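Presented below is the structure to which this report refers.
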Amino acid sequence: MLHSEPIAALATAPGIGAIAVIRVSGDDAIAITNRFFRGKDLTQQPTHTAHFGTLRNPDDTIIDEVLATVFRAPRSFTKEDVVEISCHGSEFIVRQILQRLVAEGVRLARPGEFTQRAFLNGQFDLVQAEAVADLIASDSDASHRAALTQLRGGFSKQLIDLRQQLIDFVALVELELDFGEEDVEFAHRDQLRQLMLSIRRVLHPLIESFAAGNVIKNGVATVIVGKPNAGKSTLLNALLNEEKAIVSDIPGTTRDVIEDELFIDGIRFRLIDTAGLRSATDKIEAIGIERTQQKMRDAALVIYLFDAASISTDDLQAALTEVHESGKPYLLVGNKLDALDTARKQQLEAVADESIHWISAAQHTNLDALRAALSNRVRTDAAVQIGSAVVTNVRHHDHLTGTDNALARALDGLDSGVTPDWLAMDLRVALQHLGELTGQITTDDLLDSIFSKFCIGK
Ligand code: GDP
């Protein structure tokens with residue numbers, strides 16, 4: 001293990017809480033903490049043990065009663081010596097303890113520095129390190145699961161293995177270069193082709209999962225559009241109020257319902273552009289077609305609502321044309337089911353010639369079915385099983401496509417019989433992308449940019 005200066009940071013959320021945890025990692029982390037800890041001699045304690053004691057000021061007054069947990073290298077998150085100090089969750093106490101640590105020669109950690117050390121010390125690869133950040137930020141079931149899958153090695157193990165095989169081939173191709181004019185082939189071309197094809201087979205579903213992965217992480221931008229009086233604000237309020245009711249029905253939940261967000265089957269729907277909808281009094285909407293198109297452009301999913309009690313068949317036709325032209329996935333929703341007779345319903349269904357989701361927003365009829373349809377739409381459109389390896393990170397996506405493009409060029413080259421130096425060049429590009437993806441090739445800039453996105457203490 002290389003020399004590593006001791007660092008410390010608050011590992012729990014800042015603010016007031018029952019307890020706060022301060023993490024100290026690096027050379028002498030245990031000995032330094034022990035200098036102002038009164039209790040057992042921490043330097044003599046085995047790894048993974050917790051010890052009650054007090055932390056003292058230089059004048060021996062007590063800062064706090066704490067629990068100090070000792071982790072010895074390499075059996076810790078950073079693979080360095082680590083002490084986790086659990087103290088009372090007061091900002092004052094936390095500050096006092098950190099000040100004491102700094103006075104003893106410990107440096108305050110930068111954001112992500114613990115995870116960066118864990119990565120540099122081989123605890124996990126880069127994709128997994130980034131998953132740690134996602135895991136911390138995850139706030140829905142699906143994003144939590146996607147981050148966990150990556151953390152457990154999701155797709156990177158397979159790519160690391162394939163990259164190694166490709167390196168072996170590149171070495172052989174480059175050996176051919178040394179023989180210049182002589183017509184030798186050390187690298188078996190058919191096997192090389194097979195390897196490249198199998199790498200691309202691994203890459204493609206990952207690249208495709210990016211769109212779905214993004215949905216999981218950032219939510220589905222959803223917009224409710226329709227003519228004035230279709231019932232848009234009534235529907236919005238009905239969905240949001242039921243959401244509040246659902247959340248407060250779950251015992252022990254304290255999550256605040258965020259305005260304009262719905263969680264359905266663990267998927268987050270972000271209802272966008274609802275400002276004018278919320279209050280039913282805000283009725284300046286002479287929403288022209290252009291305005292509606294603009295709203296739909298920003299959305300990933302459209303709920304097209306119409307007033308089934310009053311819409312003419314011509315207007316329904318026009319509405320359908322409009323929503324088709326937007327090219328967005330949409331649900332066609334007929335409102336005011338309560339004010340509708342069967343004949344009219346059938347007539348509208350015949351005109352639409354596609355499935356209509358019938359609801360009554362005012363009476364909360366069929367809202368469960370509407371929610372199920374929303375969730376279903378996202379799952380089938382995205383065509384990914386949530387929980388399988390999902391790429392949610394732009395950096396991963398760029399390197400995956402970079403690898404894929406380079407391999408496509410190399411395969412073309414093989415088919416047209418290019419010289420080994422051209423082939424080697426494309427393969428090198430592919431290896432570079434793969435290496436940067438999994439973190440086997442890194443630059444300081446890259447590492448700094450990745451780990452600085454973490455919060456302090458991680
Ligand atoms: P918006 O202009 O599209 O936002 O429409 P509103 O939500 O303001 O609704 C327009 C009118 O339709 C209001 O008077 C609502 O009470 C009424 N309305 C909304 N949903 C229903 C429904 O399901 N059934 C009936 N009968 N009336 C509804």
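The values are calculated or read from the model by the stated rules, or taken from the named source; none is laboratory data. For clarity, every value in this text was computed on a predicted model and none was experimentally measured. Here the Cβ positions follow ideal geometry from the backbone for every residue, glycine too, while neighbour counts run over all protein chains shown.
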- Item | Residues of the stretch 115-166 classified as within 30 Å of residue 411 (Cβ to Cβ) and modelled with pLDDT under 70, total | 5
- Task: May I ask you to verify whether residue 17 is more than 20 Å from residue 114 (Cα to Cα) and surrounded by 15 or more Cβ atoms within 10 Å (Cβ to Cβ)?
- Result: no
- Pairs under 6 Å by beta carbon, first residue acidic (Asp, Glu) in the stretch 224-240, partner in a loop (DSSP other than H, G, I, E, B) and within 7 Å of the ligand (Cβ to nearest atom), six or more apart or different chains? none
- Item | Residue list for the stretch 313-324, filter: in contact (Cβ under 8 Å) with a residue 12 or more places away in the chain, under 41 Å from the mean Cα position of the chain (by Cα) and away from the ligand (no atom under 16 Å from the Cβ) | 317, 320
- Note on the structure: Going through the stretch 325-353 in order, the residues found to be away from the ligand (no atom under 13 Å from the Cβ), assigned to a helix (DSSP H, G or I) and of a type outside the set (Asp, Glu) are 326, 342, 343, 344, 345, 346, 347, 348, 350, 351, 352
- Task: Collect the residues in the stretch 297-321 that are out of contact with any helix residue (DSSP H, G or I) (no Cβ under 8 Å at 6 or more places or on another chain) and more than 24 Å from residue 341 (Cβ to Cβ), keeping them in residue-number order.
- Result: 298, 299, 321
- Please tell me if residue 68 is more than 17 Å from residue 105 (Cα to Cα), in contact with a Cys (Cβ under 7 Å, 6 or more places away or on another chain) and crowded, with 23+ Cβ neighbours inside 10 Å. no
- Query: Could we say that residue 13 is closer than 24 Å to residue 128 by Cα and touching a residue at least 40 places away in the same chain (Cβ under 8 Å) here?
  - Reply: no
- Task: Kindly check whether there is at least one residue in the stretch 393-403 that is at pLDDT below 85 and of a type in the set (Val, Ile, Thr).
- Result: yes
- On the given criteria, is residue 275 at pLDDT 75 or above, within 16 Å of the ligand (Cβ to nearest atom) and of a type in the set (Gly, Ala, Ser)? no
- Of the residues in the stretch 285-300 that are under 28 Å from residue 219 (Cβ atoms), within 14 Å of the ligand (Cβ to nearest atom) and in a loop (DSSP other than H, G, I, E, B), the one that is modelled with the highest pLDDT is 287
- Counting only residues that are polar (S, T, N, Q) and modelled with pLDDT under 95, which one in the stretch 301-342 is nearest to residue 361 (Cα to Cα)? 310
- Item | Failed criterion for residue 362 (all others in (1) closer than 16 Å to residue 237 by Cβ; (2) small (Gly, Ala, Ser); (3) modelled with pLDDT under 90 hold) | (3)
- Note on the structure: Filtering the stretch 59-78 for residues that are touching a residue at least 24 places away in the same chain (Cβ under 8 Å) and more than 16 Å from residue 29 (Cβ to Cβ) leaves a count of 2
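Here is a yes/no grid of residues against (1) part of a strand (DSSP E or B); (2) among the charged types (D, E, K, R):
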| position | (1), (2) |
| --- | --- |
| 9 | yes, no |
| 12 | no, no |
| 19 | yes, no |
| 22 | yes, no |
| 27 | no, yes |
| 33 | no, no |
| 40 | no, yes |
| 47 | no, no |
| 53 | yes, no |
- Message: Quick test for you: out of 230, 238, pick the one residue that is outside any helix (DSSP H, G or I), within 16 Å of the ligand (Cβ to nearest atom), at pLDDT 80 or above and buried (at least 20 other Cβ atoms within 10 Å of the Cβ).
- Response: 230
- Query: For the subset of the stretch 328-360 comprising residues that are polar (S, T, N, Q) and in contact (Cβ under 8 Å) with a residue 12 or more places away in the chain, which member is nearest to residue 294 (Cα to Cα)?
  - Reply: 335
